[in-house]
Amino acid sequence: MLSKKVATYSLGMKKKLILLISVMNDAEILIFDEPFRGIDAKSVAWFRDYLLELKRRGRLILISSHVQEDIETICDKVFLLANGNFIATFDLKNQQEVLTYTVSVTNVQVLESFLTKAGVQVEIKENTVKFDSSPEDFQIAFRHAVEEGVNFDSIKKESKFAEFIKKGSN
């Protein structure tokens, strides 16, 4: 393999080689453009873990990517760029961030009433309630609903970043 010319490597092998070379000099700042495109899942998992370890060691890692999972796994802050301008910023590590909750419950009216009284705007579709809340406030609403006999069939929470990405891709 060492005597083989890089030009003969597959796209995935070339990409892995470039990624490995990029981390060899132990730089303080690493910049990647679509780092995982074209490489196999096992290599993606290994390299993602390696970048997370570098991040824990204090390295600054800048990533340009269209892959939401890559961004949410590695990044603390996200700056969305459109037409050369930053159009939105998200702090993915903010524990007080307002999330969008979509919950399926047995008694929509009880949960809707509690949330509305708390000043929360809700969107109702059949047995589903959608609303924005901090995780702490959601826990309060959840406990109240359970005390009132409401059963939760499903709870889905989504960051504003993920919601923004979904709207942008529609």
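Considered as a group, the residues in the range 42-86 that are exposed (fewer than 15 other Cβ atoms within 10 Å of the Cβ) and among the charged types (D, E, K, R) include one that is modelled with the lowest pLDDT, and that residue is E69. Would you call L111 farther than 25 Å from L51 by Cβ, touching a residue at least 12 places away in the same chain (Cβ under 8 Å) and not assigned by TED's automatic domain parsing to the domain that holds Y50? When the stated conditions are applied, L111 passes them.
Residues in the range 129-148: is at least one of a type in the set (V, I, T), in a helix (DSSP H, G or I), closer than 30 Å to S43 by Cβ and not assigned by TED's automatic domain parsing to the domain that holds P35? No; the residues of the range 129-148 include none that is of a type in the set (V, I, T), in a helix (DSSP H, G or I), closer than 30 Å to S43 by Cβ and not assigned by TED's automatic domain parsing to the domain that holds P35. Tell me, yes or no, whether the range 117-126 has at least one residue that is β-branched (V, I, T) and loosely packed, with under 11 Cβ neighbours inside 10 Å. Within the range 117-126, none of the residues are β-branched (V, I, T) and loosely packed, with under 11 Cβ neighbours inside 10 Å.
Return yes when S159 is of a type in the set (S, T, N, Q), surrounded by 10 or more Cβ atoms within 10 Å (Cβ to Cβ) and in contact with a helix residue (DSSP H, G or I) (Cβ under 8 Å, 6 or more places away or on another chain) and no when it is not. The answer is yes for S159.
Looking at the range 9-31, is at least one residue exposed (fewer than 14 other Cβ atoms within 10 Å of the Cβ), over 30 Å from F142 (Cβ atoms), modelled with pLDDT of 90 or more and under 21 Å from the mean Cα position of the chain (by Cα)? Within the range 9-31, one or more residues are exposed (fewer than 14 other Cβ atoms within 10 Å of the Cβ), over 30 Å from F142 (Cβ atoms), modelled with pLDDT of 90 or more and under 21 Å from the mean Cα position of the chain (by Cα). Listed by first and then second residue, the pairs linking a residue in the range 71-84 that is in contact (Cβ under 8 Å) with a residue 24 or more places away in the chain and farther than 13 Å from I165 by Cβ to a residue that is outside any helix (DSSP H, G or I) and of a type in the set (A, V, I, L, M), with Cβ atoms under 8 Å apart and 6 or more places separating them unless they lie on different chains, are I74/I61; I74/I63.
The values are calculated or read from the model by the stated rules, or taken from the named source; none is laboratory data. What you are looking at is a predicted structure, and each value in this text was computed from that prediction instead of being measured. Glycine also receives a Cβ, built like all others from the backbone with ideal geometry; neighbour counts cover every protein chain displayed.
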